[in-house]
Each structure stands twice: as structure tokens, then as C-alpha cells.
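Note sheet for the following structure.
The values are calculated or read from the model by the stated rules, or taken from the named source; none is laboratory data. For clarity, every value in this text was computed on a predicted model and none was experimentally measured. All Cβ positions, glycine included, derive from the backbone under ideal geometry; neighbour counts span all protein chains shown.
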Amino acid sequence: MITLQRRQLVGHDILLARHGNHISAMRVDRSNDRVVALLDDGSLDSAPNLITPGLQLPQTVRSVLREDWKLLGAWVGMAALMGGLMTAAAVVLGTTADPAILDALSAYNAY
């Protein structure tokens, strides 16, 4: 079940505990699932974002989009294609159909 809570990055806390005020900048390395810190003396340090490798963190909106962007892109593309086809069909029907048929289609009760 997706709870969509904000994910807390453990690496930030680990680096803050190690170096405190000596951190100049921090960034998240998502490919390695680590947080990298640039220290005042120019050196780098990193810490993992997971406490244990098998820990299941709650899903967030970003993590769902990051994992399923191809599927969501395909759905958006199909919806845009269907919308374009329906618009084109309505334009073609409106310009080429007999006015009497258009009146009959708009006056017909479907129920």
C-alpha cells in the first residue's frame, strides 16, 4: 500500500553527527543511494541512506514517479493521442456530414 509520506534521508543525519558545522554542502547521490558532503577543508565524505539493506521505506510521490515514469508517460501519450483522434473525428464529422444528420444526432435521447 502506498502511504506517500516524505522520505527521511538517514545519510544527512550520519554526516551531521560525524562532522557537525564543518560541512559546506551536501548532495544526494541517488544512483549509489548515498549522501555526499563537502567539508570545510575540501575533502569529501559520504554516508548510506539506508540503515539496513532490506529496509522498506514508505513510498513518496517522487519515488513512485521516478520508478514508473515510463508507464505514466505511455498513459499520458495514449490519452493525448485519443484526445487528438476524438477532436479530429468531431471536426471531420462537423464539416462533412449532412446538416439533417447532425440535427438528428444532437436531438436523439440515449436513454
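Some notes on this structure:
- Near pairs, Cβ below 7 angstrom, 6+ apart or cross-chain, from the range 67-88 (closer than 29 Å to Arg30 by Cβ) to any residue that is surrounded by 10 or more Cβ atoms within 10 Å (Cβ to Cβ) and hydrophobic (A, V, I, L, M, F, W, C): Leu72/Leu65
- In the set Asp68, Asp98, Asp45, only one residue is of a type outside the set (Ser, Thr, Tyr) and exposed (fewer than 10 other Cβ atoms within 10 Å of the Cβ); that residue is Asp98.
- Flag for Arg34 being surrounded by 13 or more Cβ atoms within 10 Å (Cβ to Cβ) and without any contact (Cβ under 8 Å) to a residue 24 or more places away in the chain: yes
- Residue count for the range 74-92, restricted to those that are more than 17 Å from Leu102 (Cβ to Cβ) and not small (Gly, Ala, Ser): 6
- Residues (of a type in the set (D, E, K, R) and either in a helix (DSSP H, G or I) or in contact with a Phe, Trp or Tyr (Cβ under 6 Å, 6 or more places away or on another chain) (or both)) located in the range 66-111: Arg66, Glu67, Lys70, Asp103
- Filtering the range 37-65 to residues that are at pLDDT 80 or above and not in a loop (DSSP other than H, G, I, E, B) leaves Ala37, Leu38, Leu39, Leu44, Asp45, Ser46, Ala47, Pro48.
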